[in-house]
Amino acid sequence: MNEEEDNRSRTVTLDGDNESMNDGRALVQAPIRSGDVISPTRAVLTLSKSMFNAGCFSLPYAWKLGGLWVSFVMSFVIAGLNWYGNHVLVRASQHLAKKSERSALDYGHFAKKVCDYSDIRFLRNHSKGVMYFVNITILFYQLGMCSVAILFISDNLVNLVGDHLSGTRHQQMVLMATVSLFFILLTNMFTEMRIVSFFALVSSVFFVIGAAVIMQFTIQQPNQWSKLPASTNFSGTITMIGMSMYAFEGQTMILPIENKLDNPAAFLAPFGVLPTTMMICTAFMTALGFFGYTGFGDSIAPTITTNVPKDGLYSTVNVFLMLQSLLGNSIAMYVVYDMFFNGFRRKFGARFPNCPKWLSDKGFRVFWVLVTYLMAVLIPKLEIMIPLVGVTSGTLCAFIFPPVFEMITFWTDWKGLLSYRQRITKITINCIVISIGIFAICAGTYTNIQAIVQSFGTPDP
């Protein structure tokens, strides 16, 4: 939702978030939206699709790096922390949207409003700087996700037809990435949420079919869980955390989807959009990681799709998953367009008033897609790209920004409405989550830089 956009709305009570005076939040009134909006069912499908992507199929390899039982436990810990971060993010955003008399706020403008309404003068004076920092972080994260999707598509194309191509594997992947670029550009010409959610629906069908075939083949393998290590080492565990963080790659889609939900109360309600999506994603990702690793053991590939045979029914798996990645690319890029296009159009139109609007619109989208293509070509190491993206921007968006913004947003309310013990409990929980995020970023960046240096010192086959 852009700051200049004014959706028609009427007001209803947000009972779904259990807003009450007991935990320091007044009863919030949320708008019923009209126009380019989606239903809760479509919201669940779109948010689930933003999380079900290329990173999911690297989870069995991540479990190999972290060890079986450490990875099992960490999967639920990471899911729980993501759930908590997403919940407090939406709660604070809805509170500030009502306070500023707006129907919704995107991530960047939400960060700005947090600072604008803060009691801290430094934050009020630098609210735009905070907004720019948040926007750049999200931009880096989204571009990283989209470039990984291109790598995923090209890697599986090489797996299918690489035997008929000449050159090194890297050269083959560059060729396949170039071929996929044309189709990705086509899907990114549409940016209305109703169209993007339709792409998500079709993409989800392909994903479910492909994932079902993979799980069916994986479960048939001799189970090796008793022979696998329960844990590995510090470096491997941190890399596993980064890859798992990337698997929950829908953090930046939380507010764009909430902003387009026809009834915002349904987002945080019990069995609403967020709880339903997180339960589905946690169950699927844990099952895929567990059965994938115990089925293939040490022979698990960086993406489990390459462990599936190339013939018969299994040859269609790569096709289904490539199609879902092609359609899903527009979902991730929607965040970039939603955040930056209005500002770009205003400045570009002032500088070039005679340029047709459709040309600037399409050119803006083509530019960002080409950026993701170049990133994919320059770093053709899927197993390295995923954890690096996850432990940097992904951790900031999931573990650091939400609790920090919640404390700033509700600080004054907590002082007046909560007891001392309740206030300390909330602050302690948020500080623990922030500390985990900072540690994950520092340790993950160090281990992934080491992995990148080591990987590029090894020649491609």
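Using the structure shown, decide if Ile120 is closer than 13 Å to Phe401 by Cβ, among the hydrophobic types (A, V, I, L, M, F, W, C) and surrounded by fewer than 24 Cβ atoms within 10 Å (Cβ to Cβ). When the stated conditions are applied, Ile120 does not pass them. Residues of segment 412-433 that are buried (at least 18 other Cβ atoms within 10 Å of the Cβ) and of a type in the set (A, V, I, L, M, F, W, C): Trp414, Leu418, Val433.
Determine whether segment 73-85 contains at least one residue that is part of a loop (DSSP other than H, G, I, E, B) and surrounded by fewer than 18 Cβ atoms within 10 Å (Cβ to Cβ). Show your work before the answer.
Within segment 73-85, the subset part of a loop (DSSP other than H, G, I, E, B) is none.
Checked segment 73-85: no residue is part of a loop (DSSP other than H, G, I, E, B) and surrounded by fewer than 18 Cβ atoms within 10 Å (Cβ to Cβ).
For segment 232-269, name all the residues that are of a type in the set (S, T, N, Q) and closer than 20 Å to Leu288 by Cβ.
So the first thing to find is which residues in segment 232-269 are of a type in the set (S, T, N, Q), and the list is 232-233, 235, 237, 239, 244, 251-252, 259, 263.
Once the filter is applied, which keeps residues that are of a type in the set (S, T, N, Q) and closer than 20 Å to Leu288 by Cβ, segment 232-269 yields Thr232, Thr237, Thr239, Ser244, Gln251.
I'd like the residue in segment 381-404 that is open to solvent by 20 Å² or more (accessible area, probe 1.4 Å) and modelled with pLDDT under 90 and, out of all such residues, is farthest from Lys98 (Cα to Cα). Going through the qualifying residues, I end up with Lys381.
Looking for whichever is of a type outside the set (Val, Ile, Thr), within 30 Å of Ile214 (Cβ to Cβ) and under 23 Å from the mean Cα position of the chain (by Cα) here; the options are Met131, Met51. Which one fits? Before you say what the answer is, go through the steps one by one.
Working: Met131 fails: within 30 Å of Ile214 (Cβ to Cβ).
Only one candidate passes the filter, namely Met51.
Hey, does segment 340-359 have a residue that's among the charged types (D, E, K, R) and open to solvent by less than 40 Å² (accessible area, probe 1.4 Å)?
Residues of segment 340-359 that are among the charged types (D, E, K, R), as a first pass: 345-347, 351, 357.
With open to solvent by less than 40 Å² (accessible area, probe 1.4 Å) added as a condition, the list becomes none.
No: segment 340-359 contains no residue that is among the charged types (D, E, K, R) and open to solvent by less than 40 Å² (accessible area, probe 1.4 Å).
The set of residues in segment 146-168 that are under 26 Å from Met339 (Cα atoms) and either open to solvent by 10 Å² or more (accessible area, probe 1.4 Å) or among the small types (Gly, Ala, Ser) (or both) comprises Ser147, Ala149.
Is there a residue in segment 244-253 that is touching a Phe, Trp or Tyr at 6+ places or on another chain (Cβ under 7 Å) and either at pLDDT below 90 or of a type in the set (Gly, Ala, Ser) (or both)? Yes, segment 244-253 contains a residue that is touching a Phe, Trp or Tyr at 6+ places or on another chain (Cβ under 7 Å) and either at pLDDT below 90 or of a type in the set (Gly, Ala, Ser) (or both).
Among the residues of segment 169-198, those that are open to solvent by 30 Å² or more (accessible area, probe 1.4 Å) and within 28 Å of Asp262 (Cα to Cα) comprise Leu186, Met189, Phe190, Thr191, Glu192, Arg194, Ile195, Phe198. Applying a threshold of 6 Å to beta carbon distances and a minimum spacing of six or more residues, or different chains, the list of pairs starting in segment 171-186 at a residue that is closer than 14 Å to Val161 by Cα and ending at one that is assigned to a helix (DSSP H, G or I) and among the small types (Gly, Ala, Ser) reads Gln172/Gly162; Met173/Ser154; Met176/Ser154; Ala177/Ser154; Ala177/Ala376.
Can you tell me how many residues in segment 265-283 are in a loop (DSSP other than H, G, I, E, B) and in contact with a helix residue (DSSP H, G or I) (Cβ under 6 Å, 6 or more places away or on another chain)? Spell out the reasoning first.
In the first step, residues of segment 265-283 are kept if they are in a loop (DSSP other than H, G, I, E, B); the result is 269-272.
Subset that is in contact with a helix residue (DSSP H, G or I) (Cβ under 6 Å, 6 or more places away or on another chain): 272.
So the answer is 1.
The condition of being open to solvent by less than 40 Å² (accessible area, probe 1.4 Å), out of contact with any helix residue (DSSP H, G or I) (no Cβ under 8 Å at 6 or more places or on another chain) and modelled with pLDDT of 85 or more holds for Gly363.
Phe133 meets each of the listed conditions (1) within 20 Å of Phe340 (Cα to Cα); (2) touching a helix residue (DSSP H, G or I) at 6+ places or on another chain (Cβ under 7 Å) apart from (2). Against the numbered list (1) open to solvent by 30 Å² or more (accessible area, probe 1.4 Å); (2) touching a residue at least 40 places away in the same chain (Cβ under 8 Å), Ile331 comes up short only at (1). Within the set Ile238, Ile257, Ile209, the sole residue that is in a helix (DSSP H, G or I), out of contact with any His (no Cβ under 6 Å at 6 or more places or on another chain), modelled with pLDDT under 90 and open to solvent by less than 40 Å² (accessible area, probe 1.4 Å) turns out to be Ile238.
When you go through Ser315, Ser299 one by one, which is the residue that is in contact with a helix residue (DSSP H, G or I) (Cβ under 9 Å, 6 or more places away or on another chain) and modelled with pLDDT under 90? First the steps, then the outcome.
Details: Ser299 fails: modelled with pLDDT under 90.
It is Ser315.
Looking at Lys99, Lys113, just one residue is in contact with a helix residue (DSSP H, G or I) (Cβ under 9 Å, 6 or more places away or on another chain), of a type in the set (D, E, K, R) and surrounded by 20 or more Cβ atoms within 10 Å (Cβ to Cβ), and that residue is Lys113.
Of the residues examined, Met407 is not one that is at pLDDT below 85 and assigned to a helix (DSSP H, G or I).
In the condition set (1) crowded, with 24+ Cβ neighbours inside 10 Å; (2) within 29 Å of Asn318 (Cα to Cα); (3) among the polar types (S, T, N, Q), Ser48 is compliant with all but (1).
Inclusion of Phe290 among residues that are under 18 Å from Ser244 (Cβ atoms) and in a helix (DSSP H, G or I) is warranted.
The values are calculated or read from the model by the stated rules, or taken from the named source; none is laboratory data. Nothing here was measured: the structure is a model prediction, and the numbers come from that model. Quick reminder, even Gly has a Cβ in these numbers, built from the backbone with ideal geometry, and neighbours come from all protein chains shown. To get the accessible areas, we keep the full protein, side chains included, count just its heavy atoms, and leave off ligands, DNA and RNA. Shrake-Rupley method; radii C 1.70, N 1.55, O 1.52, S 1.80 Å.
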